[in-house]
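The values are calculated or read from the model by the stated rules, or taken from the named source; none is laboratory data. As the structure is a computational prediction, the values presented were derived from the model and not from experiment. With ideal geometry, Cβ positions are generated from the backbone for all residues, glycine too; neighbour counts draw on all protein chains shown.
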Amino acid sequence: MTVQAGLAVQKAELLCGPQFLLDLFPGAKTQRVVVGADAWQVVDLVGSKIEAYRVVLLVTGDPGLHSLAQPVIRLLGRDRVQIVPGISSTQLAFAHLALPWEQARFFSLHGVREELVPAILQQFSVAPVGALLCSPTWTPRRVLEQIADVAGYRTVHVLSDLGRSSEYRISGRVANLALWAQGSGRSLVILTED
């Protein structure tokens, strides 16, 4: 977390977010509201409180890259929202792996309609370096099963729950990990050439 993010939490009058993010701030002396990933519900809550309170909404993901922050900005308006990013999941994943990522292509299955998934997975499977944000429906194992025929020989890294005590990382060949890779919808799958 950045200093700026910590200061925003300290100044909050109403702190909203998933329980596991609220738990990161046990000393924050403010009202707390647990919210899920439903953008409409979050926007309704924040929108109803924003005039009376200094609201801080904690979200996971990478602001600007398939994050709950984007629907909130769209629905509330840019002038009513300030984004204070932390360390992004992609940044953390590539750092953990000591891999460069300036040539990486990024993909996400968050909120994607089912009929669009095959095209996304096809593009991901042939990208020289690809990073894919999984979803609750499209877990790492399911993704790897789907791309094994095309990319089975490639090196893959599966990272889940990055930055948490439950963090999970495993690397290997797509064909091998497709059989038993773990990971939730809060996972990142990275394909590399080597």
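Points to keep in mind about this one:
- In summary, Leu133 fulfils each of the numbered conditions (1) touching a Ser or Thr at 6+ places or on another chain (Cβ under 8 Å); (2) surrounded by fewer than 22 Cβ atoms within 10 Å (Cβ to Cβ); (3) touching a residue at least 40 places away in the same chain (Cβ under 8 Å); (4) within 20 Å of Phe20 (Cβ to Cβ) with the single exception of condition (2).
- Of all residues in the stretch 93-100, none are over 29 Å from Phe20 (Cα atoms) and at pLDDT 95 or above.
- Qualifying residue in the stretch 117-130 (condition: part of a loop (DSSP other than H, G, I, E, B), without any contact (Cβ under 8 Å) to a residue 60 or more places away in the chain and among the β-branched types (Val, Ile, Thr)): no
- Any hit, the stretch 7-29, residues being under 20 Å from the mean Cα position of the chain (by Cα), aromatic (Phe, Trp, Tyr) and buried (at least 17 other Cβ atoms within 10 Å of the Cβ): yes
- Note on the stretch 147-172: residues that are at pLDDT below 95, of a type in the set (D, E, K, R) and closer than 16 Å to Leu132 by Cα amount to 2.
- Within the stretch 30-43, if we keep just the residues that are out of contact with any helix residue (DSSP H, G or I) (no Cβ under 7 Å at 6 or more places or on another chain), within 24 Å of Ser135 (Cα to Cα) and not in a helix (DSSP H, G or I), the residue that is modelled with the highest pLDDT turns out to be Gly36.
- With respect to the conditions (1) over 18 Å from Leu14 (Cα atoms); (2) at pLDDT 85 or above; (3) crowded, with 16+ Cβ neighbours inside 10 Å, Val56 lacks only one, and its number is (1).
- Taken over the stretch 136-147, the residue count meeting the criterion of being crowded, with 22+ Cβ neighbours inside 10 Å and outside any loop (DSSP other than H, G, I, E, B) is 4.
- Any hit, the stretch 70-82, residues being among the aliphatic types (A, V, I, L, M), part of a helix (DSSP H, G or I), over 21 Å from Ala178 (Cα atoms) and not assigned by TED's automatic domain parsing to the domain that holds Leu7: no
- Set Arg173, Arg186: member being outside the structural domain of Val59 (by TED's automatic domain parsing) and surrounded by fewer than 17 Cβ atoms within 10 Å (Cβ to Cβ): Arg173
- Pairs with Cβ under 9 Å, 6+ apart, first in the stretch 1-29 and part of a strand (DSSP E or B), second exposed (fewer than 13 other Cβ atoms within 10 Å of the Cβ): Leu14/Ala52; Cys16/Val34; Gly17/Val34
- Residues (over 17 Å from the mean Cα position of the chain (by Cα) and aromatic (Phe, Trp, Tyr)) located in the stretch 129-182: Tyr153, Trp180
- A count restricted to the stretch 161-194 and to residues that are part of a loop (DSSP other than H, G, I, E, B) and within 18 Å of Leu97 (Cβ to Cβ) stands at 11.
- Being outside the structural domain of Asp23 (by TED's automatic domain parsing), in a strand (DSSP E or B) and β-branched (Val, Ile, Thr) holds for only one residue in Val158, Val150, Val112, and it is Val158.
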